[in-house]
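For reference, the structure discussed in these notes is given below.
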Amino acid sequence: MERIKLGISTCLVGEKVRYDGGHKWDPFLTDTLGQYVEYVPVCPEVECGFGIPREPLRLIGDSQRPHLVTSRTNHDHTERMLQWSRKRVMELKRENLCGFIFKSGSPSSGMERVKVYDANGIPAKNGVGIFARVFMDQFPLLPVEDDGRLKDPKIRENFIERIFTLERWRRVGEGMRNLIAFHTQHKLLILSHSPKHYQMMGRLVAWSKEMPWKDVHKEYERLLLEALSLKTTPKKNANVLQHVMGYFKEELSADEKRELQEIIDLFRKGTVPLIVPITLLNHYVRKYGQPYLKEQYFLHPHPLELQLRNHV
Ligand code: SF4
């Protein structure tokens, strides 16, 4: 598989670009996820021309349209940063990124809950970094996360599933046959995120012969990104597991069915992680050679080494 292209805040890969000459290296991002990813580092403050070291910046004023100012001398750099961000985002469009990992809390790079100071110098954590906002406005459906949120196993799993799926989608060749193959392989994965999108995408694929390819492609991509942005839940996953179990009606003995049902119920209650029923189902898929299930990405959406389904 080709590496997944992701934007990332430069300090997270260990570059000493912070205002104090330090970095915010995140070993998971470079050493583990980094095996599957090609990063495009972006440091708005350095690339915009502020030096290292530099006076720290902060956001002030209205949280929807904050100003970016130096924290001690109060110089306003909002316009400079906005202009640079718009230009840089246009360059990033050509990179065909599958997502972006931002540095949390930064007035330039933070994607949410960035401190915005009022006239009395009191901060409220309700802002978005200037560059991050321009980026997210330009690519509203692209998967984005920050290093802090990615520490949460569920958020991490969802983000990584989305970028792997988007990378596979980007490699789908032109023509309905390719789109149908992609859709078939991702049906259960889509269902685990959104039964509603599962139905809408099924209808789109069914009617696609009547529509120009470009329109189908665009609409399918929109629905896919929208579906994946909706989080899976134990209930949604358990329903899909139950659906998969239905494929083994003939093959499994009464005792095997009971055991599988018990494991799905334990997962639903949060006693065992998703990897447990998935491993047993994959064992049956391999044993009975179920061709439709064999190619379902729901059963193997990303490399096992990332250990993403091991949490409850
Ligand atoms: S948070 Fe953003 S602006 Fe600050 S050092 Fe990291 S990449 Fe640069």
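The values are calculated or read from the model by the stated rules, or taken from the named source; none is laboratory data. Note that the coordinates shown come from a computational prediction; the quantities given were computed from them, not determined experimentally. Cβ: placed from backbone, ideal geometry, glycine included. Neighbour counts: every protein chain shown. Accessible surface is based on the protein model in full, side chains and every heavy atom, while ligands, DNA and RNA are left aside. Shrake-Rupley method; radii C 1.70, N 1.55, O 1.52, S 1.80 Å.
A compact table of results
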| quantity | calculated |
| --- | --- |
| Accessible surface, the chain, averaged per residue in Å² (probe 1.4 Å) | 50 |
| Protection proxy ranking of 124-137, 242-255, 186-199 - average other beta-carbon atoms within 10 Å, highest first | 124-137, 186-199, 242-255 |
| Solvent-accessible surface ranking, highest first, for Ile52, Ile275 at 1.4 angstrom | Ile52, Ile275 |
| For Tyr288, net neighbour charge (Lys/Arg +1, Asp/Glu -1) across residues whose Cβ lies under 15 Å away | +1 |
| Charge dipole (the stretch 187-312, unit charges on Cβ, about Cα centre) - positive-most of Ala227, Met245, Val272 | Ala227 |
| Percent of Cα-Cα distances greater than 24 Å, calculated over the chain | 59 |
| Glu79-Asn120 pseudo-label distance in nm [points 7 Å out on the Cα-to-Cβ vector] | 3.2 |
| Rounded to the nearest 20 debye, dipole of the stretch 1-134 from Cβ charges on Lys, Arg, Asp, Glu | 200 |
| Computed over the chain: relative contact order in percent, which uses C-alpha pairs under 8 Å that are six or more apart | 13 |
| Reachable lysines, given that their alpha-carbon falls under 17 Å from the alpha-carbon of Lys209 and they are not under 8 places away in the same chain | Lys218 |
| Modelled FRET efficiency - R0 30 Å, Ser253 with Leu304, Cβ distances, 0.05 increments | 0.60 |
| Mean ellipticity per residue at 222 nm, deg cm²/dmol - from DSSP H runs of n ≥ 4 across the chain, formula -39500 (n - 2.57) | -14500 deg cm²/dmol |
| Charge dipole magnitude, Cβ of K and R +1, D and E -1 - the chain, Cα centre, debye nearest 20 | 380 |
| Nearest-20 debye value, the stretch 69-172 charge dipole, Cβ charges on Lys, Arg, Asp, Glu | 200 |
| Exceeding the 29 Å Cα-Cα cut-off - candidates Lys103/Lys214; Lys87/Lys196; Lys5/Lys151 | Lys103/Lys214; Lys87/Lys196 |
| Burial order of peptide ranges 41-47, 178-184 (average beta-carbon count within 10 Å, highest first) | 41-47, 178-184 |
